[in-house]
Amino acid sequence: MEPMLDVREVTFRFGERTILDQVSLSVEAGEAVAIMGPSGAGKSTFLNVLLGLMAPASGTINIAGQPMDGGRRRAAARMRQKHVGSVFQHGELLPALTPLENVIVPALLAGVPTAEASARGRELLEAVGVGDVDLSSDRLSGGERQRTALARALINRPSLIVADEPTGSLDVDSRDEIADVVFSAPKQWACALVVVTHEPLVAARAQRTGVLRAGGLEWQ
């Protein structure tokens, strides 16, 4: 079976500095991979390259068998819309919208009819444990924001979810709850998951953990 994410010998340079040096990674549907590393090791750069927001100097990235070309902005944007869901450290919700409205925005942009998008959004919010879907999003707790962000990442049924420090802004109890929800997503929704984290207890939930160091990805 073809992996959901297939990264082959990706190199990224910033000026004369090599941030990523022939990094390879393969993640199948149902699998979760954690990426760790010291500050400045290139974790955020790696995610930006996966998302097609930065173009590597060499190497290839395929998601669900399709190339992610960071050098072509519109093509990369279409790939993200169709195949990738993202969760960031603070949720990045639109505070003026309700949780349901936040979740369905990507579906509406993808052309999904409003009724279908709303039904799908309510189902996902219930699945991740958000009760009041019509509450103003600026009244949500940190954990509720991350649950809503995960539902939004899943709304277009992505092949890959990319999460950048999804528990980094949470207290210990909320961290563990959200980590459980995030790492259950691959098997529940048959997608691949890549999580960047600095927390070993969060990374321990993944099937594999890689450490970015000196431009390379070393497996623990």
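Given the condition buried (at least 24 other Cβ atoms within 10 Å of the Cβ) and either modelled with pLDDT of 90 or more or closer than 24 Å to Val194 by Cβ (or both), answer yes or no: does some residue in the stretch 105-113 qualify?
no
Answer yes if at least one residue in the stretch 59-70 is at pLDDT below 90, over 21 Å from Leu170 (Cβ atoms), open to solvent by less than 60 Å² (accessible area, probe 1.4 Å) and not in a strand (DSSP E or B), and no otherwise.
Yes; the residues of the stretch 59-70 include at least one that is at pLDDT below 90, over 21 Å from Leu170 (Cβ atoms), open to solvent by less than 60 Å² (accessible area, probe 1.4 Å) and not in a strand (DSSP E or B).
Go through the stretch 167-220 and report how many residues are part of a loop (DSSP other than H, G, I, E, B) and either under 15 Å from the mean Cα position of the chain (by Cα) or surrounded by 14 or more Cβ atoms within 10 Å (Cβ to Cβ) (or both).
13
In the list Leu150, Leu125, Leu170, Leu108, which residue meets the criterion of being closer than 22 Å to Glu28 by Cβ and in contact with a helix residue (DSSP H, G or I) (Cβ under 6 Å, 6 or more places away or on another chain)?
Testing whether each residue is closer than 22 Å to Glu28 by Cβ and in contact with a helix residue (DSSP H, G or I) (Cβ under 6 Å, 6 or more places away or on another chain) leaves just Leu150.
Of the residues Arg152, Arg157, only one is assigned to a helix (DSSP H, G or I) and within 19 Å of Val181 (Cα to Cα); which?
Result: Arg152 is the single residue among Arg152, Arg157 that is assigned to a helix (DSSP H, G or I) and within 19 Å of Val181 (Cα to Cα).
Is there a residue being under 24 Å from Asn102 (Cα atoms) and under 15 Å from the mean Cα position of the chain (by Cα) anywhere in the stretch 52-64?
Looking through the stretch 52-64, at least one residue is under 24 Å from Asn102 (Cα atoms) and under 15 Å from the mean Cα position of the chain (by Cα).
Filter the stretch 46-58 down to residues that are open to solvent by 30 Å² or more (accessible area, probe 1.4 Å) and either closer than 15 Å to Val196 by Cβ or not in a loop (DSSP other than H, G, I, E, B) (or both), then give me how many there are.
Here the count works out to 4.
Just checking, does the stretch 127-135 include any residue being under 19 Å from the mean Cα position of the chain (by Cα), assigned to a helix (DSSP H, G or I), crowded, with 16+ Cβ neighbours inside 10 Å and modelled with pLDDT under 95?
yes
Restricting to the stretch 1-20, count the residues that are under 18 Å from Ala57 (Cβ atoms), surrounded by fewer than 21 Cβ atoms within 10 Å (Cβ to Cβ) and among the hydrophobic types (A, V, I, L, M, F, W, C).
The qualifying residues number 1.
Quick check on my filter: what residues within the stretch 1-27 are at pLDDT 95 or above and in a loop (DSSP other than H, G, I, E, B)?
Hit for the stretch 1-27 is Met4, nothing else.
Among the residues of the stretch 72-86 satisfying the criterion of being among the aliphatic types (A, V, I, L, M) and in a helix (DSSP H, G or I), which is most open to solvent (accessible area, probe 1.4 Å)?
Across the stretch 72-86, the extreme among qualifying residues is Ala77.
Condition (residue is at positive phi and either more than 16 Å from the chain's Cα centre (by Cα) or surrounded by fewer than 23 Cβ atoms within 10 Å (Cβ to Cβ) (or both)) applied to the stretch 137-154: is it met by at least one residue?
Among the residues of the stretch 137-154, not one is at positive phi and either more than 16 Å from the chain's Cα centre (by Cα) or surrounded by fewer than 23 Cβ atoms within 10 Å (Cβ to Cβ) (or both), which makes the answer no.
Kindly indicate which of Gly40, Gly30, Gly91 is at pLDDT 95 or above, in a loop (DSSP other than H, G, I, E, B) and within 24 Å of Arg205 (Cα to Cα).
Of Gly40, Gly30, Gly91, the one residue that is at pLDDT 95 or above, in a loop (DSSP other than H, G, I, E, B) and within 24 Å of Arg205 (Cα to Cα) is Gly30.
I need every pair where a residue in the stretch 179-199 that is of a type in the set (Lys, Arg) has its Cβ under 7 Å from the Cβ of a residue that is open to solvent by less than 30 Å² (accessible area, probe 1.4 Å) and not in a helix (DSSP H, G or I), sequence separation at least 6 or different chains.
Lys187/Gly30
The values are calculated or read from the model by the stated rules, or taken from the named source; none is laboratory data. Everything quoted here is computed from the prediction, not taken from an experiment. Glycine gets a Cβ as well: all are built from the backbone with ideal geometry, and neighbour counts include every protein chain shown. For the accessible areas, the whole protein counts, side chains as well, though only heavy atoms, and no ligand, DNA or RNA atoms are used. Shrake-Rupley method; radii C 1.70, N 1.55, O 1.52, S 1.80 Å.
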